[in-house]
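No value in this document is a laboratory result; all are computed from the given coordinates. Because the structure is predicted, anything quoted here is derived from the model rather than measured. No Cβ is skipped: glycine too gets one built from the backbone with ideal geometry, and neighbour counts run over all protein chains shown.
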Amino acid sequence: MCSYITEKTEIFGSAKGAGGWSNVTAAHVYFDHPFHASLDHALSIDFMSGDTTRKVAVEMSAESARALVASILAALETGEKEHA
Amino acid sequence: MTYRGMIAEIVTITGNKGEKVEAYYARPSGPGPFPGVVLIHHMPGWDDWTMEAVRKLAHQGFACISHHLYHRLGPGTPDDLAAKARAAGGVSDDEVVGDVKGAMAFLRAQPGSNGKVGMIGFCSGGRHTFLASCRLEGVDAAVNCWGGNVVVDDPTQLTALRPVAPIDLTDGLKAPLLGLFGNEDKNPSPAQVDTLEAKLKACGKQYEFHRYDGAGHAFFAAERPAYRVEQANDGWQKVYAFYRKHLA
């Protein structure tokens, strides 16, 4: 691979990394060579504060990413019903 | 002959537009003379594997340097700077070529240099190697390891940072070229390797391509599932032989 294809989305929230909690304003999402995970290609998410400061980074397999998407949607569905 | 003793350190080179760029430099112990090699790191950044590859070439008798392509985006760890580079759409081809020129000048200025300088790059660095070898004078041997996007099938992939498909610069290539590719790779695909080979032939260039069955992209990466031990061992031997022939 080795593309520069990156999906960027604005988000409102917080993340905790090595420096503690901070606001995050965007997520950069891409499927390419990871830096650390033992995978040829990984779904990577960089949680950003501003355009250039990466607060938290995760790399996971495509299967894990799809499972995570399903979990997020399921949690939203049940949680929003509970708190409606 | 191999060299068990070596000196490895961080140095500063004068890169594009006179800017200072940090680089990892390893060379065998002793007075030399030693041929030089500029190693261009892959897209994930100036990482530990890059340093290992530099030392591997030093062990084989080459003074090898790898500059940090994302240095200007710092300060930060190599992986954070690689993420910044990605978010910015990569680094510009002009900047890459300017930095490579500076790294070549650094090698030739060292007291142990034999005056010859080769280049090698992996992944996006393979593309950079082809690009810089077409645009710069003084490259004595170039090694493109599975460089993607040398052939650009979709013109919308060309950007302000990378405005030209490197294959369109083939006329400018003066150095002999070694290419290593995995037949299971998708970028470059075997068809794209065919296209590049046809262009090199048409332009009358000196080249040597080796295509490996059972290997995909980045099959030298010993810490990744992509690693293919037999193909990688053979590939490294091809690199050493190519440099010993052209950089002696």
### Message
Looking at B:ALA87, B:ALA63 in this structure, which one is touching a strand residue (DSSP E or B) at 6+ places or on another chain (Cβ under 6 Å) and either free of Cβ contacts under 8 Å to residues at least 24 places away in the same chain or among the aromatic types (Phe, Trp, Tyr) (or both)?
### Response
B:ALA87
### Query
Just wondering, is there one or more residues in the range B:137-155 that are in a loop (DSSP other than H, G, I, E, B), without any contact (Cβ under 8 Å) to a residue 40 or more places away in the chain, more than 14 Å from every other protein chain (Cβ to nearest Cβ) and more than 13 Å from the chain's Cα centre (by Cα)?
yes
### Query
Is it fair to say B:ALA165 is under 23 Å from A:TYR4 (Cα atoms), surrounded by fewer than 17 Cβ atoms within 10 Å (Cβ to Cβ) and small (Gly, Ala, Ser)?
no
### Query
Has the range B:179-197 got any residue that is away from every other protein chain (no Cβ under 12 Å), crowded, with 21+ Cβ neighbours inside 10 Å and touching a Ser or Thr at 6+ places or on another chain (Cβ under 7 Å)?
no
#### Entry: Residues located in the range A:1-52, provided they are buried (at least 17 other Cβ atoms within 10 Å of the Cβ) and polar (S, T, N, Q)
A:SER3, A:THR6, A:SER44, A:SER49
### Task
Might you check whether a residue that is touching a residue at least 40 places away in the same chain (Cβ under 8 Å), touching a Leu at 6+ places or on another chain (Cβ under 7 Å) and either surrounded by 22 or more Cβ atoms within 10 Å (Cβ to Cβ) or within 14 Å of chain A (Cβ to nearest Cβ) (or both) occurs anywhere in the range B:74-83?
no
### Query
Does A:GLU63 fit the bill of being free of Cβ contacts under 8 Å to residues at least 12 places away in the same chain, acidic (Asp, Glu), exposed (fewer than 10 other Cβ atoms within 10 Å of the Cβ) and more than 30 Å from B:GLY148 (Cα to Cα)?
no
### Every residue from the range B:201-213 that is under 20 Å from B:SER124 (Cβ atoms) and touching a Ser or Thr at 6+ places or on another chain (Cβ under 9 Å)
none
### Query
Does A:LYS55 satisfy the criteria of being surrounded by fewer than 14 Cβ atoms within 10 Å (Cβ to Cβ) and touching a residue at least 24 places away in the same chain (Cβ under 8 Å)?
no
### Task
Only one of these is part of a strand (DSSP E or B) and under 19 Å from the mean Cα position of the chain (by Cα): B:LEU180, B:LEU200. Name it.
B:LEU180
### Query
Tell me, which residue of the range B:220-244 that is within 10 Å of chain A (Cβ to nearest Cβ) and surrounded by 16 or more Cβ atoms within 10 Å (Cβ to Cβ) is nearest to B:PHE122 (Cα to Cα)?
B:ALA221
